[in-house]
Structure formats: structure tokens, C-alpha cells
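Any read-out appearing in this document is the output of simple, stated calculations on the displayed coordinates, not a laboratory observation. Because the structure is predicted, anything quoted here is derived from the model rather than measured. Cβ: placed from backbone, ideal geometry, glycine included. Neighbour counts: every protein chain shown.
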Amino acid sequence: MHANLRRGLIALAVLAAGGIAGSVGAQQQPSPQPPAPITQQGQGLKRIPLQKFDVPGTALETVIGIAEVAPNFAIGRHSHPGVESGYIMEGTATMMIDGQPPRELKAGDSYVVPAGVMHDAKSGPQGAKAIATYVVEKGKPFAVPAAK
């Protein structure tokens, strides 16, 4: 499980570092070419960065991406220095947020993880595909693994 957590956190860091810097203004123009997928081969997790931009007037940034998770893959317990929200596009997953009962998610469901709260997710037998949005403090580690 520790190796899965490390791989998941590396993938999250790559997503945060590899996002497209978007301009913040009245209108944001989509990138003319989407970034190439960032693939963690054989590790159960594929992250596709979509956009990264500053939240005006704050020390926060928004990171948006698609996560494709192999069947029955556990991401590993971790937290973020800001809120995470997501929408399940395909498949199923179990979201385990500290202080809350496990929640079964299916295509069409959304979730929110409060800032700094430890959580984990495990995909179902067909895997899962989600769009995830993180609003996190700039300059802090994107994800922090749970202490052993």
C-alpha cells in the first residue's frame, strides 16, 4: 500500500507541476493543443492535466485534471493543502474521508474533500475515470502522505 501511495502522490505532483498555466481574466481561452497524457505505466493510475491557474487576489491555485484509475486500485491515504472536488465520469470508486463513512461513487456522482483532511479512494472492479479539481495553497506540497 505504501508503494501505491508513493506512486499516487508522484502522479499528483506531476499533475500539479505539469498543468497548463492559464491566464486569469474575464475570459479564459482554451489551450490550442491539450497537453500530452502523463502516464504512470503499470502503476494503476493515469493523470491527464487539463488546466492550472492562479485564483486572483489569493495565495491559491486551481489544478484541474482527469484521473484514470485501474480496477481495484487504492490511491493511498493523503491530504491536500486545499479543497479537492471531483466528478466520476466512468466506473465506480469508494471514497474514504477521515471522519465520514466510506462513500460509494458511480458515474454521475461528485465528491468534496475538505482542505487538510486525510482521505483515500479505491476504484471498483471496472476501474474509474474522474475529473478532479484542486484549489490549493501555492508553494506548499500538492499532497501529503499519511504518517505510518
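The table below lists the values:
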read-out: Segment Thr133-Arg103, length gained on full extension (0.36 nm per residue, minus Cα span); value: 8.9 nm
read-out: Exposure proxy order (Cβ contacts within 10 Å, fewest to most) of Ile75, Ile97; value: Ile97, Ile75
read-out: Label-point separation in nm, Ala59 to Ala115, each point 7 Å along Cα→Cβ; value: 1.0 nm
read-out: Viscosity 1.002 mPa s, temperature 20 °C, Stokes-Einstein D of the stretch 42-96 from Kirkwood C-alpha radius, µm²/s; value: 160 µm²/s
read-out: Radius of gyration and Dmax over the Cα atoms of the stretch 60-148, both given in Å; value: 12.4, 36
read-out: Residue exposure sequence - Tyr134, Tyr87 - by fewest surrounding Cβ within 10 Å; value: Tyr87, Tyr134
